[in-house]
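What follows is calculated from the coordinates using simple rules that are stated; it is not laboratory data. This one's a predicted model, so the numbers in the text were calculated from it and none came from an experiment. Methodologically, a virtual Cβ is constructed for each residue, glycine included, from the backbone with ideal geometry; neighbour enumeration extends over all protein chains shown.
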Amino acid sequence: MQQGSGSLVELLLSADNFYELVSTIQYLDVIQSRNSEAVSELVSLTDELALTQASLNAQMDEAEAEKQRADEARDEAEEARDQLEAKIAAQAAAEAAARKAAIEAAQRAAELAAQSEQQTPTFTTESGNDATVEVPDLPDPDIVVPDSDKDAFVSEWSARIDAYLAGSPLAGQGTTFAEAAWEYGCDPRLSPAISTVESSTGRVCFLPHNAWGWGSSSWSSWEEAIWAHVAGLAAGYGGQLTYAGAQKYCPPNADAWYASVLANMLSI
């Protein structure tokens, strides 16, 4: 059989006999079949590549969309944080201004009483008693927050509170105040100081064992009363002395109440 690059007809006519012609045709069929398979495989690979490219494009689009959503969420979170920080700063500034005004009011009352040679100024507490308006040396108390060492905290503050309560009906309850304050995360000075302002440290209670002007509650013991009051301060007042808390605790005379409670806290 002749070899060359002639036309298909020439290739067929070049066969010397029928057997060679059949062999040539079979050879051409094999080539055609392989070419068809190659073309089919190429088409299949092309389709697969197109699908892969489409999938990658979709994934890239989704990734870009996710990035956009993440950026938007970050921007929203930063804006919310900035707004919260601004709100906290405004509240802190308002609280500081109110504290300063309350102490200045107490100072003016004391000065007026001194100038007119009148008795020490008083105000009506939440329990209905008359309390002396006291002027603190500082505009706010140092924050006291119970730490993880309960024994050290209770040891320090029970001794200080016992010294403060000496000679009063609440004498000896320093450990109760300190343990309750540690349990509820309160300033340990707050409840004892309020008891002095509201009832002269338990001397003038309007209900049994209620030394704090605390609603219409009464208790069977000082221990029960102290734990209940400190728990209430934690739940309703954040466990710390604030002017906002004074407005809530003794609305008619918040200025004098805040200044007087603070003055007593600073003496513990």
Interchain or long-range residues, amide H under 5 Å from Gly185's placed H: none
Karplus (6.51, -1.76, 1.60) ³J(HN,Hα), θ = phi - 60°, over region 47-54, in Hz, Gly and Pro reported as x: 5, 5, 4, 5, 5, 4, 5, 5
Amide hydrogen neighbours beyond the local backbone of Asn210, cut-off 5 Å, H modeled: Trp219
For Val230, net neighbour charge (Lys/Arg +1, Asp/Glu -1) across residues whose Cβ lies under 13 Å away: -4
Amide H partners (placed H, <5 Å) of Thr122, local residues excluded: Val133
Point-charge dipole on Cβ atoms (K/R +1, D/E -1) for region 138-208, about Cα centre, debye to 20: 360
J(HN,Hα) series, region 73-90, from Karplus relation 6.51 cos²θ - 1.76 cosθ + 1.60, nearest Hz, glycine and proline x: 5, 5, 4, 5, 5, 5, 5, 5, 4, 4, 5, 5, 4, 5, 5, 5, 5, 5
In sequence order, calculated HN-Hα J values of region 168-173 (Karplus, 6.51, -1.76, 1.60; Hz; x Gly/Pro): 9, x, 8, 4, x, 9
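With only Lys, Arg, Asp and Glu charged, each at its Cβ (+1 for the first two, -1 for the last two), find how big the charge dipole of the chain is about the Cα centre; round to the nearest 20 debye. Before the final figure, lay out the partial values.
Numbers: 14 positive and 42 negative charges, 330 e Å.
For the chain, the charge dipole is close to 1580 debye.
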Cβ-based exposure ranking for Val261, Val197, in which fewest neighbours within 10 Å come first: Val261, Val197
Structure-derived log10 I(q)/I(0) by the Debye sum over Cα atoms at q = 0.12, 0.16, 0.17 Å⁻¹: which label, when the choices are (1) -0.81, -1.17, -1.25; (2) -1.01, -1.60, -1.66; (3) -0.70, -1.21, -1.34: (1)
